[in-house]
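Have a look at the structure below, then the notes.
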Amino acid sequence: MTNNTYLEIADNLLKSEKILIFPHENMDGDCLGSAAALCQMMRNSGKEAYVVADGKTPRNLDFLESGTLTSNKDVFNEYDLAVLVDCGSRSRIGDRAAVFDRGRVKAVIDHHGVSEQDTAFDFGVIEPSSAATAELVYLIAKEMGVEITLPIARCVFAAINTDTGSFQHSNTTARTHVIVSELYDIDGFDGNEITQLLYNRQSLGSIQLEGRVISGMKVCAGGKLAIGAVTRQLLDETDTDMSESEGIVQKLMSIDGVEIGCILKETDANTVRVSLRAKSYANVARVAQSYGGGGHVRAAGFTFEGTVDEAVVDVSRALEAELDRANDEK
Ligand code: 5GP
Ligand code: MN
Ligand code: MN
């Protein structure tokens, strides 16, 4: 698929009457914020629209959905347009792929450079240089001429804030700041309030979990690689669920000298979700891709079939090789 302009996407979206929007699994601020913003834009344009998500909404994101999420199977049968947001492949939406396939027209709005190539789209945009999918949703909204209401602005801000690590990551651009500055013009918009909702409502258990994962982490490759594991046992002992482990990988990145941070999340006895981050020169999308996953150059992920112990050995080896390769390319 070649990218459409934002105006073409706006026009194409408005050609449909009933729209289902699909954020990726293990919801984050960008996929939920983008999906909920797009859904409200479509509803405010007189369309029937729903966000079809699965899994629990992480508790720090509970203020974003504004009645857009549905699990009502009756709406899934007949509809016009299926839109994938913040992912470029139907393999990222799990069992919902069957519902996605029922859309007469398929679209994508995404910013991942590396995705599984298993889905054909009729229109859309995949823009890896965009800090967040929500930037694209916002620019499409402006072309559509729909009002950026306060709930939409809150979604866009939360999505950009989370995907840029509060404007710290290398994906942050001048455009990111321009878009955010426009949000501050919207009546009632309070950036600080959203930041408090996103970051300062963590459970005590999640902070204890973070401490336990960090005390158990392994630092290797001469201090360039930090790798930690969130096991089912640690979740039990701290009374937390996996969605509360989201921010831990960022803590590993804050260690001086660490180039790659890796968190292994034990989903079940034989499945580990792997979260990868790089600071300035390593390409973790390349590693994720070699395991059948994908993502961005500096933030990527994949699923490892095996135990956590096996993952530690296997994934560290792959990441050390990536550090060597990236060093040679420097
Ligand atoms: P996270 O570590 O936050 O789960 O994911 C980091 C980035 O990589 C996100 O942008 C996420 O969408 C992407 N990602 C994570 N897992 C996968 C995967 O299995 N396949 C693909 N294509 N992307 C992934
Ligand atoms: Mn995402
Ligand atoms: Mn994103």
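Descriptive notes on the structure:
- The range 139-195: GluC sites (Glu not before Pro) in DSSP loop, at most 16 other beta carbons within 10 Å: 147
- Of 56/251; 56/106; 251/330; 56/279; 279/330; 15/56, those spanning more than 21 Å from alpha-carbon to alpha-carbon: 56/251; 56/106; 251/330; 56/279; 15/56
- Residue-by-residue Karplus 3J(HN,Hα) for the range 52-67, coefficients 6.51, -1.76, 1.60, Hz, glycine and proline x: 9, 10, 9, x, 6, 6, x, 5, 6, 10, 5, 8, 8, 6, 6, x
- Expressed as a fraction of 2.2 N^0.38 Å, the C-alpha radius of gyration for the chain is 0.98.
- Amide H contacts of residue 271 (H built 1.01 Å from N, in plane; Pro and chain starts excluded): 306 sit under 5 Å, all sequence-distant by 5 or more or on other chains.
- The convex hull of the Cα atoms of the range 85-166, projected and averaged over all directions, covers 6.2 nm².
- Oblate is the label for the range 242-288, because a/c, from the alpha-carbon gyration tensor with a ≥ b ≥ c as root eigenvalues, is 1.5 or above and a/b does not exceed b/c.
- Listed residues 298, 154, 175, most fluctuating in the chain (Gaussian network, C-alpha, under 10 Å): 175
- Options 202, 281, 263, ranked by Cα towards positive dipole end of the range 188-324, top entry (Cβ charges): 281
- Part-to-part distance (alpha-carbon centres) for the range 1-65 and the range 139-178, which is given in Å: 14
- For the chain, a crude dipole built from +1 on the beta carbon of Lys and Arg and -1 on the beta carbon of Asp and Glu, taken about the Cα centre, is about 280 debye to the nearest 20.
- When only Cα pairs below 8 angstrom with a gap of at least 6 residues are kept, the range 80-124 shows a relative contact order of 48 percent.
Quick note: the coordinates plus some simple rules give every number you see, no bench work behind them. Keep in mind the model is a prediction, meaning the values are calculated, not measured. Because the Cβ atoms are built from the backbone with ideal geometry, glycine has one as well, and the counts that use them run over all protein chains shown.
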